[in-house]
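Worksheet: the structure to be examined is printed underneath.
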Amino acid sequence: MTKELEQLKQWIEESDNIVFFGGAGVSTESGIPDFRSVDGLYNQQYKYPPETIISHSFYVRNPEEFYRFYRNKMLFPDAKPNAAHLALAKLEEQGKLKAVLTQNIDGLHQDAGSREVLELHGSVRRNYCTRCGKFYGLSYIVNADGVPKCECGGTIKPDVVLYEEGLDQRTMQKAVNYIRHADILIIGGTSLTVYPAAGLIDYYRGHKLVLINKSVTPMDGRADLVISGKIGEVFAEMMQ
């Protein structure tokens, strides 16, 4: 075990007020591709750029094309939690981890057993009728043909934050509060380039900021501890 891992393990053992903030890299080890990686969605060729397809205006203008892309490239109903998800759930069960803040929309943290999960960008598990507000699960969207419709005739929209849409302010305020009072803030699997979520780091007041990522981030110089590697493998080794 490296000295960086030893340090992190010691900090975790001594703390009961840890907050974790994660991005796409937390789920790549579960087989869910990272949008911005070299082989991710943003580097593949489509009729429209992915950023355009998963925008609010495109969803309104061309829901058929939106849902064709959404089902094909953003839904992974068979994905399972990996070592990172399981380790975080265990730390919460031990009373050490107060909350998971995630940019991911796959629901794998909950599958692993985490209870206090703030989904900054929403979840594919929740879908609602834009007319009557009735909610539908993931399986309904997966199995529907074309644009999914509610029994009232309204269009069903995923409860995920599309481009051009704002983040839920109550969720963001809750995330800020957790970070502001955290003893240890662990950030993993994110390039810290997507705002406003990446700006949450500015609210941390402690001196145990940990960054775990495969590549360098713009915030590495601000961290008290930087660990390079896949987050699932890092957590698996640390929790042994």
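Using a 7 Å offset from the Cα along the Cα-to-Cβ direction at both residue 2 and residue 144, what is the distance between the two label points in nm, to one decimal?
Output for this residue pair reads 4.5 nm.
Binning at 10 angstrom from zero up to the longest distance, how are the C-alpha pair distances of segment 91-152 distributed in percent?
Calculated over all Cα pairs of segment 91-152, the distribution is 20, 40, 26, 12, 3 percent.
Rounded to the nearest 500 deg cm²/dmol, what is the calculated helix-only ellipticity per residue at 222 nm for the chain, with -39500 (n - 2.57) per DSSP H run of length n ≥ 4?
Dividing the helical sum by the residues of the chain leaves -9000 deg cm²/dmol.
How big, in percent, is the set of alpha carbon pairs in the chain lying more than 27 Å apart? Present the calculation step by step, with values, prior to reporting the outcome.
Numbers: 10198 of 28680 pairs.
Percentage above 27 Å: 36.
For the chain, give me the percentage of DSSP beta bridges that are antiparallel, rounded to the nearest 5 percent.
On the way: 8 of 30 bridges.
Close to 25 percent.
Quick one: which residues, 5 or more positions from residue 128 or on another chain, have an amide H under 5 Å from its amide H? H modelled 1.01 Å from N in the peptide plane, none for Pro or chain starts.
Hits under the 5 Å cutoff: 136, 157, 159.
If each Cα of segment 154-240 is one equal point scatterer, what is log10 of I(q)/I(0) from the Debye formula at q = 0.15, 0.16 Å⁻¹?
-0.67, -0.74
For residue 207 and residue 135, compute 0.36 nm times the residue count separating them, minus their Cα-Cα distance, and round to one decimal in nm.
Working: separation 72, 0.36 × 72 = 25.92 nm, distance 4.18 nm.
Length gained between residue 207 and residue 135: 21.7 nm.
If I ignore ligands, DNA and RNA and count only protein heavy atoms, how much of residue 222 is accessible to a 1.4 Å probe, in Å² to the nearest 10?
The accessible area comes out at roughly 120 Å².
Please list, or write none, the aspartates and glutamates whose alpha carbon is within less than 15 Å of the alpha carbon of residue 47, excluding same-chain residues fewer than 8 places away.
64, 65
Any idea how far apart residue 167 and residue 13 come out in nm if each label point goes 7 Å out from Cα toward Cβ?
A separation of 3.4 nm, rounded to one decimal place.
Which residues in segment 219-240 have a backbone N closer than 17 Å to a point placed 7 Å from the Cα of residue 80 along the Cα-to-Cβ line?
Only 232-233, 236 fall inside the zone, counting backbone N under 17 Å.
Please find the FRET efficiency linking residue 214 to residue 68, where r is the Cβ-Cβ separation and R0 is fixed at 45 Å, and quote it to the nearest 0.05.
Efficiency for this residue pair is about 0.90.
Based on the Cβ-Cβ distance of residue 52 and residue 128, what FRET efficiency does E = 1/(1 + (r/R0)^6) give at R0 = 30 Å, to the nearest 0.05?
0.80
With r defined as the distance between the Cβ atoms of residue 151 and residue 93 and R0 fixed at 45 Å, what FRET efficiency is calculated, to the nearest 0.05? Mind showing how you got there, number by number?
On the way: r = 39 Å, r/R0 = 0.87.
With R0 = 45 Å, the Cβ-Cβ based efficiency is 0.70.
What is the dipole size for the chain, taken about its Cα centre, with +1 at each Lys and Arg Cβ and -1 at each Asp and Glu Cβ, in debye to the nearest 20?
Numbers: 27 positive and 30 negative charges, 117 e Å.
That gives the chain a dipole magnitude of about 560 debye.
Send over a whole-number figure in Å² for the accessible area per residue of segment 182-240, probe 1.4 Å.
Working: 2720 Å² over 59 residues.
I get 46 Å² per residue for segment 182-240.
Take the cross-link list 9/230; 9/214; 73/134; 73/174 and give me the ones stretching past 22 Å between alpha-carbons.
On the way: 9/230 16 Å; 9/214 19 Å; 73/134 25 Å; 73/174 30 Å.
Over 22 Å Cα-Cα: 73/134; 73/174.
The values are calculated or read from the model by the stated rules, or taken from the named source; none is laboratory data. This structure is a prediction, so every number in the text was calculated from the model and none was measured. In this analysis, Cβ positions are derived from the backbone assuming ideal geometry, glycine residues included, and neighbour counts consider all displayed protein chains. For the accessible areas, the whole protein counts, side chains as well, though only heavy atoms, and no ligand, DNA or RNA atoms are used. Shrake-Rupley method; radii C 1.70, N 1.55, O 1.52, S 1.80 Å.
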